[in-house]
1. Pull up region 169-219, narrow it to residues that are on the phi > 0 side of the Ramachandran plot and surrounded by fewer than 17 Cβ atoms within 10 Å (Cβ to Cβ), then point me to the one that is farthest from the chain's Cα centre (by Cα).
2. How many residues does region 82-94 contain that are without any contact (Cβ under 8 Å) to a residue 60 or more places away in the chain, in a strand (DSSP E or B) and under 13 Å from SER56 (Cβ atoms)?
3. Is it true that some residue in region 116-129 is surrounded by 14 or more Cβ atoms within 10 Å (Cβ to Cβ), among the acidic types (Asp, Glu) and not assigned by TED's automatic domain parsing to the domain that holds GLU401?
4. Restricting region 326-347 to residues that are β-branched (Val, Ile, Thr) and in a strand (DSSP E or B), which is surrounded by the fewest Cβ atoms within 10 Å (Cβ to Cβ)?
5. Would you tally the residues in region 95-130 being part of a loop (DSSP other than H, G, I, E, B) and not basic (Lys, Arg)?
6. Would you check if ASP118 is in contact (Cβ under 8 Å) with a residue 12 or more places away in the chain and either within 18 Å of THR54 (Cα to Cα) or among the small types (Gly, Ala, Ser) (or both)?
7. Restricting to region 299-319, and then to whatever is touching a helix residue (DSSP H, G or I) at 6+ places or on another chain (Cβ under 7 Å) and β-branched (Val, Ile, Thr), can you tell me which residue is nearest to LYS276 (Cα to Cα)?
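The values are calculated or read from the model by the stated rules, or taken from the named source; none is laboratory data. Because the structure is predicted, anything quoted here is derived from the model rather than measured. Glycine gets a Cβ as well: all are built from the backbone with ideal geometry, and neighbour counts include every protein chain shown.
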Amino acid sequence: MIDNSIFENKLAVYHTLGCKLNFAETSAIGKQLSAVGIRKARKGEIAHICVINTCSVTELADKKCRQAVRKIIKENPGSFVIVTGCYAQLKPDDIARIEGVDLVLGAEQKLDVLSYLDELKKKDVGAIFTTKTKSIKTFVPSCSQDDRTRFFLKVQDGCDYFCTYCTIPVARGRSRNGTIESLVKQAEEVAASGGKEIVLTGVNIGDFGRTTGETFFDLIKALDEVDGIERFRISSIEPNLLTDEIIDFVSTSKRFAPHFHIPLQSGSDAVLELMKRKYDTALFRNKINKIKAVIPDAFIGVDVIVGTRGETDEYFEEAKQFIESLDISQLHVFTYSERSGTQALKIDHVVDPKVKHQRCKALLDISDAKTEAFYHSQLGTERKVLFEHTRHGDCMHGFTENYVKVEIPYDTTKINEISIVTLDRFNDSHTAVVATK
């Protein structure tokens, strides 16, 4: 057992790359270290311990992780450096060889960091502690607050889908989750701390219940009864797992926002088949139509990947036309990046990088037009807005329940408060809607 006295008056710095799930997990690590007396370093202070939580969704993400590790080591000379996250799970040897890294923790180990600190003794080569993906079974709860007003509650981890382009099942293991009882308790703790909005996050949250015999529908019904939380948002949920009963429930719920984020990935059935996705464009269109039928003002964000292997000019044009035809509010466009060990590498037809860029630009233009059209449809309506503390010149921002970004003159009394406003007009940059009381 490690003597906790070695941690007294020690300072730590935390750096997170990638998804909101990573941020929630970094927050959980921070709470563990704080409990034994380790304080978060303030600006200008050199930390004794550095924790970097990495991402590996693309080759660029890997590069950013390596750069971040080296930068933090340089800024905190002599510190004990811990690297964890998806990149650490997938390529631990690459991380361990970086000069200054002391500890590499895989997906199973990262939320038990105290067990591996070994009295903070610097290493010549980073010590590696990882578990084979098939053996990753632990679900450790975590919840974080971003720099605005919302909290991110991890409800699920891992994935049993093996899409041909994706490394996440290898990086995070099989699907697993917390119990509804434990997650409701965490939500109640957020409410007690003054939090008003919680985003449910995970790798494949619609698959909730694999390890507890419960369902995602059961979870959202239970969370809807948590007093003190004004809003819950459902983060990315697979279209084949977004059931009609979930959509109908959101349409009448007390606390779940009319806001959906649904991965499409491609609007071409041929490409979806190459990706080994579990739906086709007909199912996806039906989900969008169902949402709009029962919640006409719902904001719908959609993930799309461009330039995957096998995406010919014909398939991309087909996908583009399908996407244009959907009544959605925004696209999150990702450029395909080849990942070692994925089945996608066996697919013929590699898309030229310049063509990938052109396709990305075309879809981003569609996204801008759809977002502006959705915002325009909301002008003149009265909405509830949760305002954030960050100052933007003389203004502050917040979001409506259906995710319209709203701008008003800065007012400290509005921070983390729900205000009822009328959406009046676009601001000068057309990035937000100016509201009046």
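1. Ranking the candidates gives GLY213 first.
2. Adding up the residues that qualify gives 2.
3. We begin by selecting, within region 116-129, every residue surrounded by 14 or more Cβ atoms within 10 Å (Cβ to Cβ); these are 116-117, 120, 123, 126-129.
Narrowing the set further to residues that are among the acidic types (Asp, Glu) leaves none.
The answer is no; no qualifying residue exists.
4. Per the criteria, the residue is THR335.
5. We begin by selecting, within region 95-130, every residue part of a loop (DSSP other than H, G, I, E, B); these are 97-100, 106-109, 117, 121-126, 130.
Still in the running and not basic (Lys, Arg): 98-100, 106-109, 117, 124-126, 130.
Final tally of qualifying residues: 12.
6. On the way: in contact (Cβ under 8 Å) with a residue 12 or more places away in the chain: yes; either within 18 Å of THR54 (Cα to Cα) or among the small types (Gly, Ala, Ser) (or both): no.
Criteria not met by ASP118.
7. Step by step, filter region 299-319, then rank; the result is THR308.
Residues checked against (1) more than 25 Å from THR342 (Cα to Cα); (2) at pLDDT 90 or above:
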{"site": "ILE2", "(1), (2)": "yes, no"}
{"site": "CYS19", "(1), (2)": "no, no"}
{"site": "LEU33", "(1), (2)": "yes, yes"}
{"site": "LEU60", "(1), (2)": "no, no"}
{"site": "VAL69", "(1), (2)": "yes, yes"}
{"site": "GLU75", "(1), (2)": "yes, yes"}
{"site": "THR84", "(1), (2)": "no, yes"}
{"site": "ALA88", "(1), (2)": "no, yes"}
